[in-house]
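The values are calculated or read from the model by the stated rules, or taken from the named source; none is laboratory data. What you see is a predicted model; the values in this text were computed from it and never measured. Here Cβ is always computed from backbone atoms with ideal geometry, including for glycine, and neighbour counts include all displayed protein chains.
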Amino acid sequence: MPFYLSLLAWLLLLTPLKSEPWQRPYQGDSARGPDVIAYWNFHPDQPAHDSGPHAHHLEIRGEATRFVADERFGGALEIAPAQGEGEDHREGVAAPSSVVFPEALTLEMSVAPDEALGATAYLLDKKYLPGSDESAQAHKDLGWWLRKAGTGPFQYRMEVDLGFGESSEILRSDVFTLPPGEWSHLAFTYDGQGRGSFTLNGEWVGEGKLSGRTGASLASGPFKLIIGDRVGSVGHRFAGKIASVRISNGVVAIHPQKELLLKTTGSRSVFERMETPAALTLSLDNRMRRNLGAMKLYWKGEGDKGTLEVPPLAEAASWVAKLPIDTRLRPGSYHLTVELSGEGISQSLEIPYSVQARAVPHQMPVVLWDFIQPERWEEIARVGFTHAFLVTHGLGSPQTLKLDEKAILEGRQRLDRAWKAGLQGMVQVSVGRDKEFSAQYSRIDTEGNSYPNLNGNFPQARERARDLGDVLGSAFGDHPAMSGVLIDTEVRDSTRPSFHQVDIEAYGQPIPPEVANRPRGVTWRQLSNFPKDRVIEESHPLLAFYRWFWKEGDGWNRLHTETHRALKAKSHPRLWSWFDPATRVPSLYGSGGEVDVLGQWTYSYPDPLKISLAAEELAAMAAGRPGQAIMNMTQIIWYREQTAPKGSEPQSAWEREQPDADFITIAPDHLEAAFWLQLGHHLSGLMYHGYGSLSGATTGAYRGTHGESGQRLTRLIHEVLHPLAPTLRQIPEAKADVGLLQSFTSQMFAGRGSYGWGNGWGADAWIICRHAGLQPKIVYEEEVLAKGLEGYSVLVLAHCDVLTRPVVEALQAFQARGGVIIGDEFLSPAILPDLLLTSFDRDPRDPQRAKETMLAKADALSKELAPVYRPQVEASDRDLLIRRRSAGAGEYFFLTNDRRTFGDYVGHHQRVMEKGLPLKATVTLHREGGVLYDLVRRQPVALEASGGSVRFHAYLPGAGGGIYLWLPKAAGDLSVTAPTQALRSEKIELRLNRAEIDSSTVIPVTLTLRDPQGREAEGSGPYGMKGGEMTLPFNLAPNDLPGQWEVTVLDGLSGQTATATFELR
Amino acid sequence: MWLPFLFLPLLALATSGESPSRTQILAAGKAGDRPLLEKALQSGEPLQRRTAIRALGELPQPATDLLIDSARNDSDLLVRRHAIRLLSRSLEGEAWSTFLGECLGDDEALVRLAIVEELAVATPRTREIHTLLERAGKDAVHPVSRTAREALWPYHATVRSVRNQAEYADLSLKEISRHPLPEKGWHFQRDPQQALHLDECFNPDYDDSHWHHAAIGRPWQADGHQYEGVAWYRITFDAPARPEKAEVADLVFGAIDESAWIWLNGEYLGAHDIGVDGWNRTFGVDITAALQWGKPNQLTVRVAKPRGQHGGIWKPVHLEFLSR
């Protein structure tokens, strides 16, 4: 074909028609033909008249609705915006209920929305009831509405709720902009085979496919058909003008022009470096209204290209291709160029994609436990957060257990975008979220009354928990940026013993009636014939029940496990499931089931040490399931009423500015102290919740009332956590020689335990021990029974009123071999403690007195213990908190300054001592010699030796901390070696060495690999170098820059650097 | 395994003036070496004596004389406590209760507390034991008196307001409305014998027409009751209909001087019994399950004021309706 003819053909193809049929009132068969169900053109002569063949005439429903003349369509329906929030008049016009929707159908209307168009605006409705409604009428006819979407102004999507008789399904369009005051044509077609398609002004704006709906017709319902509002009750009117509303039988072609639609349809455009297989998905939709023969598709990427044969495509058919991409490229943004030719057609497309650097090993997630909108993603990444809830879904909601393709696609695209912003995504899922389902399979009391908490002993509940994990894993589990799935958060606070037949069968015997409505146990004083020494047998029927109930009998641990297993079966291996708050239960192994990670929520007031206690309690719980990791959360929010009650005087500036704030920002010094305390524990990640209070929100529940907290956290994450994280993650806990027993038996028979809240005497006893220089590990009775108390020198028994005989025997054996028991006045008379630590009543209105009391008790306890026990490290000041971890010969000491006063943020209300004060103290390590390194400042620390110990001086600012490494002898010099030459795409190895380090000790180093232009390459970052040597493999990229490359390693002990170079050819 | 090797040195040690080590004391208990334990009880180190007294409990023959002597005379309260605990395992009958009565005069509250705990669980509850518990119920130290009173009194559970319930602890509860209870129209009755509960005076149908008329919002002394001890308040009030959004309800007491036990419509809801500090504390009681919305409700409050100038429901009471 001559060039000019080809060009002409293209012009004909691509030039839009001057006027599409829907751009003017329909005439002739388009208005009155046999396929027209109804057509309302609101002509000024007869505005309520149905111009179609069936006379479905209209009547106006409300005072804000009227018929108006219109230049374009002749006439229109106009509905005024609601005058105030909550206005709920029925508006729009009503057609008779006799309108019947056919199996395949097309809905159309032209709209010119008002600027005040609401977040949900009904275009047409005959369904009225959502699919979640229990009414028999809930699944009939259809509703069609606009819903606000996206982040820009006037952005909406169309949604259609289709009622198939027994159930309903919703289809959603893509997001589009609907300019106010301008006419836009909206259409929805449904092919009767499950496929629905949306257009805006003739342009395709998305489609959806319903599985299992082939040949299914909509059911006819009893309601009138309403244009411009919902049938009843809600008042989501369409504010603006509506014209030319047509309902047609069958799928009517709406597209303005013939076209061949070449587009990317894949759910991934961001890939991890070296990920394989990696491909972009491309689709070709034949909308040319003719059959097409074979064509060729050429593609070209960075250093790679290929050709694909496109098979003949029938009219309206589609073809999908996978185009491989090279993920060996250096991290960055790229694009793939696609050219299609044949059949007189030539089209091209550029598809952008990114290659993301692989994370260096042993990174510490800093999780923001909040749902964050995209516009804040880069902001939270700058703070240092690595993970957040980024994707929502409807799983577990009343409507459905399925995710539609559009929701999955959007979720995966969000993950792509978040990944590029430096974030990993997380989602929540819970089988208990569906209230209807939970009510159907609920717990019941002894009278048979339902209790609204899902009963995990029902097989249906377990099956559903499995399905949730399966669906979620299938949708997102393979995406490298999907990192965490929170399963069933906060479900066990409201658990109760249940007396359903399934519960009795699960227990295998009748459930004791005494436990009804008493999930947290009974009172031993009210039990007849209770042993005088409060020592009961392991087989005590109530103890046996409660142990069963909390471990497996309430079913939740099993439900978590079911979801976890199904999810993990469909997910990449780095994805972790987690459960929180995991210690809102008694002290018994098993909380969270088999999830990968246990988490806990904790407020830092009145004493930041509560954060450390929460970590200790998490570790105790996870000890029951080897391999289970823990992440501990610091709440960014503080309850206003507990820290700075509204209306209290005097008021600081923020109280005058935000008098209605319910949740305020954690004080910066508490945030910092909590941070340092957290690092002392072997955690797999840090969590924070309440970003609104960190980001300065001035509306909503969470308010930003202290601007410094966010800056402080940013600094700590970047300066302290980031360089040390790979080291911290590899240092295990030191073997404990001091324990604090949390007695499940006493919790069930004497109402003890704080259930993760860190309140009460049991928690205060632990805090006193920390101030006394002890490092008490939380010990469960199960540990005592399974492992004995070998290795412990001191055991603290606080709130251990009732014990079992085997535990008492273990404790007595411990004492008999010289172990020291510290008991309180509540201790079972069967145990005669060596030391007494008496409780005190904490007055929440006097935290200073509480702290003074605890420090005095700590001082006395320390002195009393001195003849029989000496901690391995001691501080000259009880406000200096020290925690020790060890790896081989290396010992790591974590210091936190807990000296505080009230301050002027909330402190003037005398509820929280929130202001840190500087502290000077001497730290004594009971070691003969050795060397000490400050890992935060990367420098050696001078030690003074005397009397078989070494000492150093610590100077810490308010709420400050430090991390130190003690080694028996000085570490040798650090060296790095690299090959002298390398080729692009080659895999090379860098070797780091350091003498005089034993095989387990971990030392922080920071490696930087730079190309000849000084750009950092993948693999740069902090490492934890274990055992004095480390081999790091690097995959050089095919597009890396030739020339001299430099490797620099910053030594975390001395601050010195070692370098090596190699020539890339 | 190491006990036989320690045994001979222990004999030598027992006859020397040197104080035995803790390890030696523990071994002596296993070996039945009373002379060494006796010597250890003379140690100037409390920890040694505590270990020794515990080891005495392991001797094949009860060392009652040593235990009684320690319970009476040792300067360390923990030694005395341990001695009393161990004696409670071997002594019984009148001799035991007489001995406990003697020790009930101990200066240390924790020793008295251990005694009261032993008395509380003793069976049979003899007249002597009952008398001792009544005596301990007047102890100046609250945990001691409370433990004794609890042994004589069957209602123990601590009150919990809605806000203190674990399932609401992490929620911001919103107050929908509050409704003050009448300050007048109450009935009041002293209970010096602490026996009115035996008549189930907390029962809604109980006839309180012979009780005194009283008011709250002021101590009972303001109504002319110059009295220390236990007294009861009763009132029947009309509760409003349930507000649309109200999910839970608290009954909030501005303050009761000093301890209180609460019944609503005959259902026991708990006690506010924290000692002298309780006189000025506002506290709430979760009445969601017990309240009859839009109907008359009968409230009974038992108040204990062991000593002091004022007592009673001296601050107003109101209903508080809350939603999540």
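Looking at this structure, is B:ALA140 more than 11 Å from every other protein chain (Cβ to nearest Cβ), in a loop (DSSP other than H, G, I, E, B) and without any contact (Cβ under 8 Å) to a residue 60 or more places away in the chain? Yes, satisfied.
All told, B:GLU128 meets the bar of being away from every other protein chain (no Cβ under 13 Å), more than 11 Å from the chain's Cα centre (by Cα) and either touching a residue at least 24 places away in the same chain (Cβ under 8 Å) or at positive phi (or both). For segment A:520-624, the helices (runs of 4 or more DSSP H) that sit wholly inside it and include 1 or more residues that are within 30 Å of B:ARG85 (Cβ to Cβ) and at pLDDT 95 or above are A:541-548, A:609-622. Selection over segment B:221-259 of residues that are surrounded by 22 or more Cβ atoms within 10 Å (Cβ to Cβ), out of contact with any Phe, Trp or Tyr (no Cβ under 9 Å at 6 or more places or on another chain) and under 15 Å from B:VAL317 (Cβ atoms) gives a count of 1. The lone criterion from (1) assigned to a strand (DSSP E or B); (2) crowded, with 22+ Cβ neighbours inside 10 Å left unmet by A:VAL976 is number (2).
Quick one: which of B:GLU118, B:GLU92, B:GLU45 is within 12 Å of another protein chain (Cβ to nearest Cβ) and without any contact (Cβ under 8 Å) to a residue 24 or more places away in the chain?
Working: B:GLU118 fails: without any contact (Cβ under 8 Å) to a residue 24 or more places away in the chain; B:GLU45 fails: without any contact (Cβ under 8 Å) to a residue 24 or more places away in the chain.
Residue meeting the stated conditions: B:GLU92.
When A:ALA661 is tested against (1) in a loop (DSSP other than H, G, I, E, B); (2) more than 14 Å from chain B (Cβ to nearest Cβ), only condition (2) is not met. The condition of being closer than 26 Å to A:LEU895 by Cα, within 41 Å of the chain's Cα centre (by Cα), away from chain B (no Cβ under 14 Å) and among the hydrophobic types (A, V, I, L, M, F, W, C) holds for A:VAL779. Strands (runs of 3 or more DSSP E) fully within segment A:982-1065 that include at least 2 residues being within 23 Å of A:PRO723 (Cβ to Cβ) and of a type in the set (Asp, Glu): A:1043-1051. Here B:THR126 meets each of (1) over 20 Å from B:HIS197 (Cα atoms); (2) surrounded by fewer than 22 Cβ atoms within 10 Å (Cβ to Cβ); (3) modelled with pLDDT of 90 or more; (4) not charged (D, E, K, R) with one exception, condition (3).
Would you say A:ALA959 is more than 42 Å from the chain's Cα centre (by Cα) and either among the small types (Gly, Ala, Ser) or not in a strand (DSSP E or B) (or both)? Talk me through it step by step, then tell me what you get.
Details: more than 42 Å from the chain's Cα centre (by Cα): no; either among the small types (Gly, Ala, Ser) or not in a strand (DSSP E or B) (or both): yes.
So A:ALA959 does not fit the description; no.
Taken residue by residue, segment A:164-175 has no member that is at pLDDT below 90, touching a helix residue (DSSP H, G or I) at 6+ places or on another chain (Cβ under 8 Å) and assigned to a strand (DSSP E or B). I need the full set of residues from segment A:883-942 which are touching a Phe, Trp or Tyr at 6+ places or on another chain (Cβ under 6 Å), surrounded by 22 or more Cβ atoms within 10 Å (Cβ to Cβ) and outside any strand (DSSP E or B), in order please. Within segment A:883-942, A:VAL912, A:MET913, A:GLU914 qualify. Taking helices (runs of 4 or more DSSP H) as the structural unit, those lying wholly within segment B:13-90 and holding at least 2 residues that are surrounded by fewer than 19 Cβ atoms within 10 Å (Cβ to Cβ) correspond to B:22-31, B:34-40, B:64-73, B:77-90. Entry remark, segment A:109-129: residues being closer than 22 Å to A:ASP191 by Cα and surrounded by fewer than 23 Cβ atoms within 10 Å (Cβ to Cβ) number 0 in total.
Within segment A:716-739, is there a residue that is assigned to a helix (DSSP H, G or I), at pLDDT below 95 and closer than 23 Å to A:LEU618 by Cβ? So far as segment A:716-739 goes, no, none of its residues is assigned to a helix (DSSP H, G or I), at pLDDT below 95 and closer than 23 Å to A:LEU618 by Cβ.
Can you spot a residue in segment A:324-335 that is buried (at least 18 other Cβ atoms within 10 Å of the Cβ) and under 30 Å from A:ASN201 (Cβ atoms)? There is no residue in segment A:324-335 that is buried (at least 18 other Cβ atoms within 10 Å of the Cβ) and under 30 Å from A:ASN201 (Cβ atoms).
Here B:ARG81 meets each of (1) within 14 Å of chain A (Cβ to nearest Cβ); (2) closer than 20 Å to A:VAL868 by Cα; (3) touching a helix residue (DSSP H, G or I) at 6+ places or on another chain (Cβ under 9 Å) with one exception, condition (2). Going by what's in this entry, would B:THR98 be described as more than 14 Å from chain A (Cβ to nearest Cβ) and within 26 Å of B:LEU152 (Cβ to Cβ)? In short, yes. Of the strands (runs of 3 or more DSSP E) lying entirely inside segment A:346-452, not one carries at least 1 residues that are touching a Pro at 6+ places or on another chain (Cβ under 8 Å), surrounded by fewer than 20 Cβ atoms within 10 Å (Cβ to Cβ) and without any contact (Cβ under 8 Å) to a residue 12 or more places away in the chain.
For segment B:271-291, a residue qualifies if it is within 13 Å of the chain's Cα centre (by Cα), buried (at least 17 other Cβ atoms within 10 Å of the Cβ) and not small (Gly, Ala, Ser), and the qualifying residues are B:HIS272, B:ASP273. Restricting attention to segment A:252-281 and to residues that are modelled with pLDDT under 90 and assigned to a strand (DSSP E or B), the residue that is farthest from the chain's Cα centre (by Cα) turns out to be A:GLU259.
Each row is one residue, and each column tells you yes or no for (1) over 23 Å from A:MET913 (Cβ atoms); (2) not β-branched (Val, Ile, Thr).
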residue: A:GLN658; (1), (2): no, yes
residue: A:ASP662; (1), (2): no, yes
residue: A:THR665; (1), (2): no, no
residue: A:HIS670; (1), (2): no, yes
residue: A:ALA674; (1), (2): no, yes
residue: A:HIS682; (1), (2): yes, yes
residue: A:GLY696; (1), (2): yes, yes
residue: A:GLY707; (1), (2): no, yes
residue: A:ARG715; (1), (2): no, yes
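Selection of segment A:1035-1065 for residues being touching a strand residue (DSSP E or B) at 6+ places or on another chain (Cβ under 6 Å) and among the hydroxyl-bearing types (Ser, Thr, Tyr) yields A:THR1048, A:THR1057, A:THR1059, A:THR1061. Just wondering, is there one or more residues in segment A:807-818 that are within 14 Å of chain B (Cβ to nearest Cβ) and within 38 Å of the chain's Cα centre (by Cα)? Looking through segment A:807-818, none of the residues is within 14 Å of chain B (Cβ to nearest Cβ) and within 38 Å of the chain's Cα centre (by Cα).
Within segment A:822-843, residues that are at the interface with another protein chain (Cβ under 7 Å from one of its Cβ atoms) and surrounded by 20 or more Cβ atoms within 10 Å (Cβ to Cβ) have Cβ atoms under 7 Å from residues that are of a type in the set (Ser, Thr, Tyr) and outside any loop (DSSP other than H, G, I, E, B) in these pairs: A:ASP834/B:THR51, counting only partners at least 6 apart in sequence or on another chain.
If you take the residues of segment A:89-111 that are of a type in the set (Gly, Ala, Ser) and in a strand (DSSP E or B), which of them is farthest from A:LEU142 (Cα to Cα)?
Start the filter on segment A:89-111 by keeping residues that are of a type in the set (Gly, Ala, Ser), which leaves A:92, A:94-95, A:97-98, A:104, A:110.
Pick out the ones that are also in a strand (DSSP E or B) and you get A:94-95, A:110.
Details: A:ALA94: 15, A:ALA95: 14, A:SER110: 19 Å.
Across segment A:89-111, the extreme among qualifying residues is A:SER110.
The number of residues in segment B:210-257 being at pLDDT 90 or above and either over 26 Å from B:ASP277 (Cβ atoms) or outside any strand (DSSP E or B) (or both) comes to 21.
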